[in-house]
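Shown next, in structure tokens, is the structure this report addresses.
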């Protein structure tokens, strides 16, 4: 510990408002939680919303498939790249003004996207939306961890993780409904409406908290983190589309790896003044929580890559019906996220995470083992429900382990790290499970195309959706082509799902051996003895000691 640091905080103390200020009362805490969840929902819904409008965007702007994918992915890429530096700046500049500024930027950008007259304006709007989202997303979780008392923090994080996990599916459903009944431009009405509500509530309910660290902002760390995250996620997004040997993919990969190496070297050199103290990854909570979120969100994203073609191309469902079919998984996930904070104090964080991972792995095994063309949706529903329950149980203690591993003055960084891990997992899962699905499909269909016209057979090798589109030109072989494509897709599905089961099995063993050890539950105060008070307009948190050096804190995890 540095000689300039104050005495270290005991493990049972809750850093927060100054002595004598009990902070927000229960009613205000509920309002704060609702506010940050509405803001988070606006961001999450915009991640997946445009996926259902790809054909409409192509027609509207006369854009190629590559350009349409850039319209969708530019938002995610910008969001992921800026999370860490903007999360750290939010800690310094104040969480309330950062959240309000982010909501304003995001709302203006969303309105601009909805009115965009050209593809260039749409791309600029999506880039600006990503900047605003990167200001909002880490601050929503940082507000919870810096405002809620320890005995209520777990439940609040459970609600936050439920919205973060299930909100994307709900956003896709609402987006698909708007596209079906109206126009793709109405997709941006939802985020703008959510932003306006969150902005009005933030101005009234969110208490301002900021930190004053005794060192300057890590500009080099911030810049190298932006290049590293942007380069690596660009490569993961573009690799399956362009090919892994494409110059653009390789450039992104090399730039990301080099910037990542510089970032690690620089952060280890700065130590206490670093944007992210990488030595904290030796701590069980941070390492286990990050790895769990990376894997779970990767598998979830990979499942969506598999499920949508199955529901649309194999079962012939519409986009709206296919999205509605995912809702049971979202509901199960959100319910389990609310259950996890009640379960963790009883059995511990490690056991809760392991149970969730085991359930999620069982869900993948069910989806791999009983899926069939003839079985339809009911052959995948049990696996989807188990996967949703497992993810919900695993996400909440993992998120709490990450935020609990960094001191109060770095909760913006902790929240951003949590979000970056999710984005990396999503990109990695889509790239890897999507590649396994495609490879399995191609290997399976090659032996089933005898007697099919060459043009239709070549189209079928590209994917199951291409096979469905080529069936009209296959003449008498149309039925055989469709049966071959659908059965081959199921075989590719099974290959991808069994790979997911193996990954979850490895994660389960890791969490059992090295997962976080949950701290002893903090008894809730008696409501009768807690006077209702208004929140302070500004909360100043004293710098905490290095938690990794504190045996009390280390042993608690």
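The values are calculated or read from the model by the stated rules, or taken from the named source; none is laboratory data. Remember, predicted model here, so these are calculated numbers, not experimental data. Cβ: placed from backbone, ideal geometry, glycine included. Neighbour counts: every protein chain shown.
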Restricting attention to region 362-383, the residues that are within 25 Å of residue 158 (Cβ to Cβ) and buried (at least 23 other Cβ atoms within 10 Å of the Cβ) number exactly 3
Might you let me know whether region 206-215 holds any residue that is buried (at least 16 other Cβ atoms within 10 Å of the Cβ) and in a helix (DSSP H, G or I)?
no
When residue 188 is run through (1) surrounded by fewer than 16 Cβ atoms within 10 Å (Cβ to Cβ); (2) assigned to a helix (DSSP H, G or I), the failure sits at (1)
Residue set 88, 111; condition in a helix (DSSP H, G or I) and over 22 Å from residue 405 (Cα atoms); output residue 111
Restricting region 451-462 to residues that are outside any helix (DSSP H, G or I) and surrounded by fewer than 21 Cβ atoms within 10 Å (Cβ to Cβ), the one nearest to the chain's Cα centre (by Cα) turns out to be 453
Kindly check whether there is at least one residue in region 127-144 that is in a helix (DSSP H, G or I) and without any contact (Cβ under 8 Å) to a residue 24 or more places away in the chain.
yes
Just one listed residue, out of 301, 287, 330, is assigned by TED's automatic domain parsing to the domain that holds residue 511 and more than 23 Å from residue 73 (Cα to Cα), and it is 287
From the option list 313, 330, single residue qualifying as in a helix (DSSP H, G or I), in contact with a helix residue (DSSP H, G or I) (Cβ under 7 Å, 6 or more places away or on another chain) and either under 25 Å from residue 159 (Cβ atoms) or without any contact (Cβ under 8 Å) to a residue 12 or more places away in the chain (or both) is 330
Residue 548: passes all of (1) in a helix (DSSP H, G or I); (2) more than 25 Å from the chain's Cα centre (by Cα); (3) modelled with pLDDT of 50 or more but (3)
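Please verify whether residue 254 is assigned by TED's automatic domain parsing to the domain that holds residue 90, part of a helix (DSSP H, G or I) and under 30 Å from residue 67 (Cβ atoms), treating the condition exactly as stated.
Values: assigned by TED's automatic domain parsing to the domain that holds residue 90: no; part of a helix (DSSP H, G or I): yes; under 30 Å from residue 67 (Cβ atoms): yes.
No; evaluated as a whole, the condition is false for this residue.
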If we take region 341-450, then helices (runs of 4 or more DSSP H) inside it with 3 or more residues that are modelled with pLDDT of 90 or more are 349-370, 381-403
Note: among 86, 79, 103, just one is surrounded by 24 or more Cβ atoms within 10 Å (Cβ to Cβ), modelled with pLDDT of 95 or more and out of contact with any strand residue (DSSP E or B) (no Cβ under 7 Å at 6 or more places or on another chain), namely 103
Original post:
Does residue 324 satisfy being outside the structural domain of residue 172 (by TED's automatic domain parsing) and either more than 14 Å from residue 384 (Cβ to Cβ) or modelled with pLDDT of 90 or more (or both)?
Top reply: no
Scanning region 249-267 residue by residue, those farther than 14 Å from residue 229 by Cα and surrounded by fewer than 14 Cβ atoms within 10 Å (Cβ to Cβ) turn out to be 265
